[in-house]
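Engineer: Let me give you the structure first, and then I'll get to my questions.
The values are calculated or read from the model by the stated rules, or taken from the named source; none is laboratory data. Bear in mind the structure is a predicted one, so any value in this text is a computation, not a measurement. Cβ sites come from the backbone with ideal geometry, for glycine too, and all protein chains shown count toward neighbours.
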Amino acid sequence: MLVLSGSFVTGGVAAASVALSVPRRAAALGPPTQPLTALLAAHEAYAQPGASAQPLELVAARRPLTGERTVLPVLATWTSARSARWLDVMLPGRPNGRTGWISGTATRAMNTTFAIVVDTTTRELTVYQHGRPVRTASVVVGKPSTPTPIGRFFVEEVVQLAPKAVGAPYAFALSARSNVLQEFDGGPGQIALHGLENVGGTPGTAVSHGCVRLTNATLAWMVTRIGPGVLVTITR
């Protein structure tokens, strides 16, 4: 489980703020190329496009652990009669599955050809590129009392951990939060894909507090390819 207390330990207009329920083997991977947006400044997210709509939250321009620039998946775009561009984006944090509209100003368009699916029943992680599977790995998922949350999320930031840190050597901090643990070791119960170092677990089992644990070999392969904004769909 990810802890945001200063160090990583582990662990169409109306946009509804709801948790997505994604059935096993039915996860929509989306287009072969997923549009993203990088925030060049903090942005207020709204329930609808337009600054007069209900504000949802202020999204920081950088992530709290690494200082990486915030990168959000773009679900839709809308342009007003006055040519103001608005982006419907996925948002990090609780409740899981939130979306909101942000202004297209002070943003930089990006894209990714990668996507990740974690199947909590088979306990497998599959990385897709251009909509095709390119790597599959057995993983550790959440135990029944602290299950890995189901839904569509994204990578918030990629953290390189110290050798003696729990979950080393890397962690992909997700927009997902535990549905059971409102906090974990002083943090908000953030879910991550991370290593087995200093925490253990056998791939193919369900023993974690909700995070997904991967082998060093899989992490080393992913860290050169997967960055902020990549979609992570967790199914059962």
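Engineer: Got a number for residues in the range 116-133 being farther than 13 Å from residue 212 by Cβ and among the charged types (D, E, K, R)?
Structural biologist: The number of residues fulfilling the criteria is 1.
Table: residues versus (1) surrounded by fewer than 23 Cβ atoms within 10 Å (Cβ to Cβ); (2) touching a helix residue (DSSP H, G or I) at 6+ places or on another chain (Cβ under 8 Å).
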{"position": "162", "(1), (2)": "yes, no"}
{"position": "165", "(1), (2)": "yes, no"}
{"position": "175", "(1), (2)": "no, no"}
{"position": "192", "(1), (2)": "no, no"}
{"position": "197", "(1), (2)": "yes, yes"}
{"position": "209", "(1), (2)": "yes, no"}
{"position": "222", "(1), (2)": "no, no"}
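Engineer: Quick one: is residue 109 of a type in the set (Gly, Ala, Ser), touching a strand residue (DSSP E or B) at 6+ places or on another chain (Cβ under 8 Å) and farther than 30 Å from residue 208 by Cα? Give the steps one after another, and end with the answer.
Structural biologist: On the way: of a type in the set (Gly, Ala, Ser): yes; touching a strand residue (DSSP E or B) at 6+ places or on another chain (Cβ under 8 Å): yes; farther than 30 Å from residue 208 by Cα: yes.
When the stated conditions are applied, residue 109 passes them.
Engineer: Might you check whether a residue that is out of contact with any strand residue (DSSP E or B) (no Cβ under 8 Å at 6 or more places or on another chain) and farther than 24 Å from residue 38 by Cα occurs anywhere in the range 189-204? Steps first, answer last, please.
Structural biologist: We begin by selecting, within the range 189-204, every residue out of contact with any strand residue (DSSP E or B) (no Cβ under 8 Å at 6 or more places or on another chain); these are 200.
Among the residues that remain, those that are also farther than 24 Å from residue 38 by Cα are: 200.
Yes.
Engineer: Got a number for residues in the range 39-61 being within 16 Å of residue 71 (Cα to Cα) and crowded, with 17+ Cβ neighbours inside 10 Å?
Structural biologist: 4
Engineer: Would you say residue 148 is among the polar types (S, T, N, Q), outside the structural domain of residue 70 (by TED's automatic domain parsing) and either surrounded by fewer than 17 Cβ atoms within 10 Å (Cβ to Cβ) or not in a loop (DSSP other than H, G, I, E, B) (or both)? Working first, answer last.
Structural biologist: Details: among the polar types (S, T, N, Q): yes; outside the structural domain of residue 70 (by TED's automatic domain parsing): yes; either surrounded by fewer than 17 Cβ atoms within 10 Å (Cβ to Cβ) or not in a loop (DSSP other than H, G, I, E, B) (or both): no.
So residue 148 fails the test.
Engineer: Residue check: is residue 186 in the same structural domain as residue 206 (by TED's automatic domain parsing), at pLDDT below 95, within 30 Å of residue 77 (Cα to Cα) and out of contact with any strand residue (DSSP E or B) (no Cβ under 7 Å at 6 or more places or on another chain)? Walk me through it before giving the result.
Structural biologist: Details: in the same structural domain as residue 206 (by TED's automatic domain parsing): yes; at pLDDT below 95: yes; within 30 Å of residue 77 (Cα to Cα): no; out of contact with any strand residue (DSSP E or B) (no Cβ under 7 Å at 6 or more places or on another chain): yes.
No, not satisfied.
Engineer: What number goes with the only condition from (1) closer than 23 Å to residue 115 by Cα; (2) more than 18 Å from the chain's Cα centre (by Cα); (3) not hydroxyl-bearing (Ser, Thr, Tyr) that residue 153 does not pass?
Structural biologist: Here residue 153 clears every test but (2).
Engineer: When the range 120-135 is examined, which residues are found to be exposed (fewer than 14 other Cβ atoms within 10 Å of the Cβ) and assigned to a strand (DSSP E or B)?
Structural biologist: In the first step, residues of the range 120-135 are kept if they are exposed (fewer than 14 other Cβ atoms within 10 Å of the Cβ); the result is 121, 130-134.
Scanning the range 120-135 gives 132, 133, 134.
Engineer: Could you please let me know if residue 131 is more than 25 Å from residue 98 (Cα to Cα) and over 17 Å from the mean Cα position of the chain (by Cα)? Even if it seems obvious, please write down each step before you answer.
Structural biologist: Values: more than 25 Å from residue 98 (Cα to Cα): no; over 17 Å from the mean Cα position of the chain (by Cα): yes.
Answer is no for this residue.
Engineer: Next up: Name the single residue, out of those in the range 67-119 being hydrophobic (A, V, I, L, M, F, W, C) and at pLDDT below 95, that is surrounded by the fewest Cβ atoms within 10 Å (Cβ to Cβ).
Structural biologist: To start, the set of residues in the range 67-119 that are hydrophobic (A, V, I, L, M, F, W, C) comprises 71-72, 74-76, 78, 81, 84, 86-87, 89-91, 101-102, 106, 109-110, 114-118.
Still in the list and also at pLDDT below 95: 81, 84.
Numbers: 81: 5, 84: 14.
Looking at the filtered set, the residue picked out is 81.
Engineer: Within the bounds of the range 17-34, is there any residue that is buried (at least 16 other Cβ atoms within 10 Å of the Cβ), modelled with pLDDT under 90 and among the hydroxyl-bearing types (Ser, Thr, Tyr)?
Structural biologist: Yes; the residues of the range 17-34 include at least one that is buried (at least 16 other Cβ atoms within 10 Å of the Cβ), modelled with pLDDT under 90 and among the hydroxyl-bearing types (Ser, Thr, Tyr).
Engineer: With the condition kept exactly as written, say whether any residue in the range 197-217 is at pLDDT 95 or above and acidic (Asp, Glu).
Structural biologist: yes
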